[in-house]
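Working notes for the structure below.
The values are calculated or read from the model by the stated rules, or taken from the named source; none is laboratory data. Quick caveat, the model's predicted, so the values are computed rather than measured. Positions of Cβ are generated from backbone atoms using ideal geometry, with glycine treated the same way; all protein chains shown enter the neighbour counts.
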Amino acid sequence: MKNQLRTLLLTSLTSAILLVLAIAASAQASHYTFTSIANLADYGGYFEPATLNNRGDVLFAPAMVTPAGTEGVLLWRSGVLTTIASGCGFCLGGS
């Protein structure tokens, strides 16, 4: 009985270690690339939350420098930044 329990414990421990190693290997195999698409200094100091799709397109809403005091919606796709909308005034405090 003692040997069976010891064998079961060693088998379980070995299986757990192999599972952890397999998960770690799969996590290391993932490859991500980070690309700078905009600079806060170019857009009045802030961005609204961005959306990223599985093609790598990014849609975000920064404060626009021109016209001053406005916001915009920009799309970054394949290295090209396109203005979707621009010119709405800030609505601070809900007004």
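Exactly one condition in (1) of a type in the set (A, V, I, L, M); (2) assigned to a loop (DSSP other than H, G, I, E, B); (3) at pLDDT below 80 is not met by Ala25; state its number.
So the condition that Ala25 fails would be (2).
Of everything in region 38-71 that's modelled with pLDDT of 85 or more and not in a loop (DSSP other than H, G, I, E, B), which residue is surrounded by the most Cβ atoms within 10 Å (Cβ to Cβ)?
Pro62
Which of the numbered conditions does Leu9 fail, given that it passes all the others? Conditions: (1) assigned to a loop (DSSP other than H, G, I, E, B); (2) at negative phi.
(1)
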